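I have placed the structure first, in the form of structure tokens, so that the comments after it can refer back to it.
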Amino acid sequence: MVSCMRRPVIGICTALEQARWSVWEMEAALLARSYIDAIQRAGGLALMLAPDPLLVDDPEEVLGLLDGLVLAGGADIDPAAYGAEPEPQTTGTVPERDAFEIALARAAIEADMPLLGICRGMQLINVALGGTLLQHLPERFGHEEHRRAIGSFDGSEHDVELLEGTVAMRVVGEVSHMTKSHHHQGVDRLGEGLEVGARSLLDGLPEAIELPERSFVLGVQWHPEADRTSPVVGALVEAARLRARGQASRT
């Protein structure tokens with residue numbers, strides 16, 4: 001009974017960045033509080049996961065502690081991860097983080113663990129399954145509407161179209177959905193087994209991707225953690241809760 005009532009444990013991967021706090025300035029494993037708040041509001045227990053080289057070879061060591069996994073936003077993914085050379089606008093890559101998250105994403109998918117990718121995290125899911133990225137959207141589409149103000153969600157809203165019959169549509173619950181956006185890269189070639197769940201009304205860019213053969217693998221290009229009305233993080237937590245209950249009933 002106790003195990004059935006516990007909160008689902010949601011692992012969320014941190015960034016590795018140079019940061020300042022109190023009197024210190026040094027490299028840190030960090031995460032915006034909005035991600036933690038969104039998981040906790042939905043009834044989950046958030047567990048921050050810093051890149052760990054040993055887990056690249058054995059991701060099951062940490063996945064065994066989790067009921068669900070979130071890949072958060074952050075730095076550009078190293079183009080070497082998808083067989084490309086970096087373009088001038090691709091900066092600040094952290095290959096250590098990329099390798100860690102790719103290993104966790106692949107293992108979570110293999111285990112059918114609920115997985116949510118947010119912004120960079122959606123792109124990471126695509127790369128983990130063999131897909132590629134557009135490295136600078138303004139060069140493809142001729143506008144800056146996906147990242148209007150660097151470092152701010154003010155005025156960042158734009159609408160996406162959810163596709164019928166998709167996980168994204170089931171989660172969001174409406175055909176046209178207003179999102180908070182902050183990215184300059186995007187999905188190009190889809191990874192193996194992935195399908196598009198939503199597209200931008202601005203230019204048709206994929207805004208959600210999913211893996212129909214798994215119970216809950218969803219990537220969204222927008223930032224649901226920055227929108228208290230968004231149901232996306234809650235859907236991940238609920239999927240993790242159901243998985244935890246199912247495992248508890250088998251023990």
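The values are calculated or read from the model by the stated rules, or taken from the named source; none is laboratory data. All values derive from a computational prediction rather than experimental measurement. Here the Cβ positions follow ideal geometry from the backbone for every residue, glycine too, while neighbour counts run over all protein chains shown. Only protein heavy atoms, including side chains, enter the accessible area calculation; ligands, DNA and RNA are left aside. Shrake-Rupley method; radii C 1.70, N 1.55, O 1.52, S 1.80 Å.
For residue 183, the amide hydrogen comes within under 5 Å of the amide hydrogens of 147, counting only partners 5 or more places away or on other chains and with H modelled in the peptide plane.
Near residue 118: Cβ cut-off under 13 Å, other residues only, Lys/Arg at +1 and Asp/Glu at -1. The net charge is -2.
The share of alpha-carbon pairs in the stretch 1-61 lying farther apart than 16 Å comes to 59%.
Computing percent of Cα pairs over 33 Å apart for the structure here picks out one of [x] 22; [y] 13; [z] 9, namely [y].
Placing +1 on the Cβ of every Lys and Arg and -1 on the Cβ of every Asp and Glu, with no other charges, gives the chain a dipole of roughly 1040 debye about its Cα centre.
In Å, the Kirkwood hydrodynamic radius of the stretch 22-139 over pairs of distinct alpha carbons?
15.3
Per-peptide packing, taken as the mean over residues of other Cβ atoms within 10 Å, places 171-182, 24-35 in the sequence 171-182, 24-35 from highest down.
Fully extended, how many nm does the chain gain between residue 93 and residue 33 (0.36 nm per residue separation, minus their Cα-Cα distance)?
19.4 nm
Surface analysis of the chain yields an accessible area of 46 Å² per residue, using protein heavy atoms and a 1.4 Å probe. For the chain, the antiparallel share of DSSP beta bridges with both residues in that region comes to about 60%.
Summed over qualifying helices (DSSP H, 4 residues or more, each -39500 (n - 2.57)) and divided by its residue number, the chain shows a 222 nm mean residue ellipticity of -8500 deg cm²/dmol.
Highest mean packing comes first when the peptides 120-126, 211-217 are listed by Cβ atoms within 10 Å, giving 120-126, 211-217.
Protein heavy-atom surface of the chain, 1.4 angstrom probe: 52% of the accessible area is carbon and sulfur, with nucleic acids and ligands not counted. Legend: calculated FRET efficiency, residue 25 to residue 143, from the Cβ-Cβ distance at R0 = 35 Å, rounded to 0.05, equals 0.45.
Looking at the stretch 1-97, what % of its DSSP beta bridges pair antiparallel, to the nearest 5? Just about 45 percent of them are antiparallel. The stretch between residue 84 and residue 136 holds 17.4 nm of extra length on full extension. This uses 0.36 nm per residue minus the Cα-Cα distance.
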